[in-house]
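Everything below concerns the one structure shown next.
The values are calculated or read from the model by the stated rules, or taken from the named source; none is laboratory data. Since the structure is predicted, the reported quantities are computational estimates derived from the model, not experimental observations. Note: ideal-geometry Cβ built from the backbone for every residue, glycine included; neighbour counts use all protein chains shown.
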């Protein structure tokens, strides 16, 4: 997700060419795991706060030496882009896209550190086509992704479908990973109804080294704190920058750095551990080491 010395300056520079004013992104909840998300005209930072319902859940029977082939029982037919979500063991929270599957095994893209008996779920990926399904979009609207390898990828909407802006390849099935934020730039505001499952298990979110990583949340009700998401991912003097629409323009609402066991405002030096990351918005981290953020469950039986 992608690159320069200060995330605030970098992302602002990348977004500047669109230059469209925007009202704040607003949301409201609806029953049954849904949320109404109003995306304004202009450039916004948006994330999907839900994960896919479990199509399958059970123990792993075997794991290949490389960690990429999982032996499992009674795996259902998988017809859509889907992923393994690890629910127990040393790799709890990890997600990995399914490359192929049959009733007895699953091959994943990113090797997993699993042992026999670890519990996994199979969930359907959110795709850009599904996320914007039913939305009133205009030709040449765009969505930009910031990838962990530093690549910036922009998709363009034209006559009802999404295409890669460079190759023109059809891209409706481009995946939005759990807790990944994206940057839509729209000529007119639109309303989405997004739905899914509230995360009842932790999720590990990959981030890259020395690139801009654009991170969203996984909670449709509560705004997590900077400390709870980002502290463990940063070294001393590395930063996380929050973005939102302020007074009609996408801008940074603050840059915060780690020092010791806390986060501080990079300019005022005020304590910032309890600063909230707004629901369905995004934050940029820039760190010299690649790794994983650990996002805790948003829901458990204790919430009832």
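A few comments on the model shown:
- Selection of region 69-93 for residues being within 23 Å of the chain's Cα centre (by Cα) and farther than 16 Å from residue 51 by Cβ yields 78, 79, 88, 89, 90, 91.
- Listed by position, the strands (runs of 3 or more DSSP E) contained in region 82-134 that have at least 2 residues being in contact with a helix residue (DSSP H, G or I) (Cβ under 8 Å, 6 or more places away or on another chain), touching a residue at least 12 places away in the same chain (Cβ under 8 Å) and more than 30 Å from residue 190 (Cα to Cα) form an empty set.
- Qualifying residue in region 179-194 (condition: under 21 Å from residue 55 (Cα atoms), surrounded by fewer than 22 Cβ atoms within 10 Å (Cβ to Cβ) and touching a residue at least 40 places away in the same chain (Cβ under 8 Å)): no
- The selection criterion, being within 18 Å of residue 45 (Cα to Cα) and assigned to a loop (DSSP other than H, G, I, E, B), does not hold for residue 155.
- If the condition is being at positive phi and surrounded by 13 or more Cβ atoms within 10 Å (Cβ to Cβ), then region 128-170 contributes only 150.
- Breaking point among (1) surrounded by fewer than 19 Cβ atoms within 10 Å (Cβ to Cβ); (2) over 20 Å from residue 203 (Cβ atoms); (3) at pLDDT 90 or above, for residue 231: (2)
- Residue in region 43-68 that is farthest from the chain's Cα centre (by Cα), counting only those that are in a loop (DSSP other than H, G, I, E, B) and crowded, with 16+ Cβ neighbours inside 10 Å: 60
- Filter result for residue 266 (within 20 Å of the chain's Cα centre (by Cα) and at pLDDT 85 or above): no
- A residue that is without any contact (Cβ under 8 Å) to a residue 24 or more places away in the chain, under 24 Å from residue 291 (Cβ atoms), touching a strand residue (DSSP E or B) at 6+ places or on another chain (Cβ under 6 Å) and surrounded by fewer than 17 Cβ atoms within 10 Å (Cβ to Cβ) cannot be found anywhere in region 210-224.
- Output for region 70-81, where each listed residue is part of a strand (DSSP E or B) and surrounded by 19 or more Cβ atoms within 10 Å (Cβ to Cβ): 70
- Yes/no for residue 300 being within 21 Å of residue 204 (Cβ to Cβ), over 18 Å from the mean Cα position of the chain (by Cα) and at pLDDT below 90: yes
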